[in-house]
């Protein structure tokens, strides 16, 4: 269970179940077949030990991404892991920004062009020394909301944003099952 610890926050059963279904989703279509056999990820029938590293796309410019990705590959990485920063993508409720250094689709397409896999950490909490844990400030003002708990207003907002990201990745065909680089999405 240590692999699922981020500082003092452990994944609860719901998060583990969601992670399981996201992995299963990536294993059900025309692209790569991705599954888990209780020991390792299995990609197209082969058990894989993957070396992963993080690149937080908004912390660099789009012009830097190809070089960072190539250096990661040259250093032996198979997988680029990145968070989705909710506060950057939705600074005002229902007003989204996916341009410039926030263009996660472009970033993931560059990962694919380099021949690497992607691990998409949708959040909602960002364990990356990021202001407010990556939550948008407006979320604090939603009536009745309590963060990181079994709280209906929090879950509704989280589900809305997570659904938007998943739908965007599907539309751009970025999941491995669609021929894209994303072999794992983590909620």
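Counting only residues that are under 25 Å from residue 165 (Cα atoms), part of a loop (DSSP other than H, G, I, E, B) and out of contact with any strand residue (DSSP E or B) (no Cβ under 7 Å at 6 or more places or on another chain), how many does the stretch 52-83 have?
Residues meeting the conditions: 5.
Select, from 153, 143, 136, 124, the only residue that is over 14 Å from the mean Cα position of the chain (by Cα) and under 20 Å from residue 57 (Cα atoms).
Result of the check over 153, 143, 136, 124: 136.
Anything in the stretch 126-149 that is under 26 Å from residue 55 (Cα atoms), loosely packed, with under 14 Cβ neighbours inside 10 Å and either touching a strand residue (DSSP E or B) at 6+ places or on another chain (Cβ under 9 Å) or at pLDDT 95 or above (or both)? List them, or say none.
137, 148
Looking at 115, 163, which is the one that is outside any strand (DSSP E or B) and either over 13 Å from the mean Cα position of the chain (by Cα) or crowded, with 21+ Cβ neighbours inside 10 Å (or both)?
After ruling out the rest, the residue left standing is 115.
Any idea which of 103, 74 is more than 20 Å from residue 126 (Cβ to Cβ) and either in contact with a helix residue (DSSP H, G or I) (Cβ under 9 Å, 6 or more places away or on another chain) or surrounded by fewer than 14 Cβ atoms within 10 Å (Cβ to Cβ) (or both)?
Just one listed residue meets the conditions, 74.
The values are calculated or read from the model by the stated rules, or taken from the named source; none is laboratory data. Fair warning: this is a prediction, and the values are worked out from it, not measured in the lab. With ideal geometry, Cβ positions are generated from the backbone for all residues, glycine too; neighbour counts draw on all protein chains shown.
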